[in-house]
Amino acid sequence: MAIGVLLTISIVIGLSITVLLVISAIYKKHSTTRVSQQNFSKLLKKTKFPVISFTNNNITLNFIIDTGAEISCIDSRILTNLKYNNVKEMAKCAGLDGAVLDLDRNEMTLKDANGREYFLDFYARDFSDAFDQLNASIGITLCGLIGNDFLQKYKSIIDFEQMIIYLKVNK
């Protein structure tokens, strides 16, 4: 009988440890992901586009959220002031006008106002034709487009009622 009790106690202890390990793994998985949010209402009023801001090398970068863009792009004219890596890979990209461009693929780390980091894969092109007149008329500097590559990577939710974008980021 003593052996049966010891066996039962061992099984209960083993199951308890297993349950604790499963709970710990679930907690760890969910505790490393945070939802960050940015309100884009102020910039939407100025630009008529949803715009989110990040920093790189202490420079504020304002990006239009473009759910119709497959990739993210940045104005090549501002790259000299930023920290980024050129990955020596070219891509052919077509715009709405049908023109096909060869663009350099680059990588950079962006930070939001809370210091959370985001990794951006982007393509550089000269946006002077698209942004110069717009920037002058709205009084802020737009530097590029955040496309679906970024939005999907960070499982973005765009709430136009509250004018907030939610991004899932790791700690």
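Where a number appears in this text, it was derived from the coordinates with a stated rule and is not lab data. On a predicted model such as this, the values are computed, not experimentally measured, just so you know. Positions of Cβ are generated from backbone atoms using ideal geometry, with glycine treated the same way; all protein chains shown enter the neighbour counts.
Please give, to one decimal in nm, the separation of the simple spin-label points placed at A113 and I157, each 7 Å out from Cα toward the Cβ.
With each label point 7 Å from Cα toward Cβ, the separation is 2.0 nm.
So which GluC sites (Glu not before Pro) in the range 70-108 end up in coil per DSSP with only 15 or fewer other C-beta atoms within 10 Å?
Those that pass, being in a loop and sparsely packed, are E70.
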